[in-house]
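Here's the structure we're looking at; comments come further down.
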Amino acid sequence: VIIDLTYNKEEAVHFGTELTPTNVKDQPAVSYDANPDTYYTLSMVDPDAPSRKDPKFKEVNHWLVTNILGKDIKTGDVITAYLGSGPPNGTGLHRYVFLLFKQPKKLEFDEPKTEALSREHRLNFDVKKFAKKYNLGEPVAINFFKAQWDSYVDERNKKIKNKN
């Protein structure tokens, strides 16, 4: 099943769509088939950090929302606030993977919270370990886009540095 993602009300994400960091700087509209009485977890990760050739940071956690009731993202608990793509200059295309998990029930999560313009708790995330820890099983829906550096990455990184 596909997670429907749209950036800026016009940029639809199809498996492997190439977008720019400028295109994806703001949180997308998200839609998927869901039972209105079931809780879900949505994750967005970059498995290609710092590059596809050298993914030593495993996955970068770009967004993590838990306890989403049905398909209303606003009802969820934000563990990791949305941070758009930011591949370093010269590292080529990175994949940004969205995974939706069906939760067995409303859960208590003990992961630390991460603000939007913070690098804390983002590197070396392992979505498989996270899913196993909370008995989430396999993803029930997925999607991804690809992006590579554009000048917005430098602008974004200045904001992050100023915040820390």
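The values are calculated or read from the model by the stated rules, or taken from the named source; none is laboratory data. This is a predicted model, so every value here is computed, not measured. Cβ atoms come from the backbone with ideal geometry, glycine included; neighbour counts cover every protein chain shown.
Per-residue answers, yes or no, for (1) surrounded by fewer than 17 Cβ atoms within 10 Å (Cβ to Cβ); (2) under 13 Å from the mean Cα position of the chain (by Cα); (3) over 28 Å from GLN103 (Cα atoms):
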| site | (1), (2), (3) |
| --- | --- |
| LEU117 | yes, no, no |
| VAL127 | no, yes, no |
| LYS132 | yes, no, no |
| ARG156 | no, no, yes |
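The residues of the range 31-56 that are over 21 Å from GLY137 (Cα atoms) and either within 15 Å of the chain's Cα centre (by Cα) or surrounded by 19 or more Cβ atoms within 10 Å (Cβ to Cβ) (or both), listed by number, are ASP48, ALA49. Restricting attention to the range 30-40, does a residue exist that is hydrophobic (A, V, I, L, M, F, W, C) and modelled with pLDDT of 95 or more? Among the residues of the range 30-40, at least one is hydrophobic (A, V, I, L, M, F, W, C) and modelled with pLDDT of 95 or more, which makes the answer yes. Do we find a residue being aliphatic (A, V, I, L, M), at pLDDT below 95 and under 19 Å from LYS56 (Cβ atoms) anywhere in the range 106-122? Within the range 106-122 (the criterion being aliphatic (A, V, I, L, M), at pLDDT below 95 and under 19 Å from LYS56 (Cβ atoms)), the answer is no, since none of the residues qualifies.
Within the range 123-136, being modelled with pLDDT of 95 or more and at positive phi holds for one residue alone: ASN135.
Just so you know, in the range 57-72 the residues that are at pLDDT 95 or above and surrounded by fewer than 19 Cβ atoms within 10 Å (Cβ to Cβ) include one that is nearest to GLU18 (Cα to Cα), and it is ASP72. Restricting the search to strands (runs of 3 or more DSSP E) fully inside the range 16-113 and requiring at least 1 residues that are among the aromatic types (Phe, Trp, Tyr) and within 22 Å of TYR152 (Cβ to Cβ) gives 60-69, 94-102.
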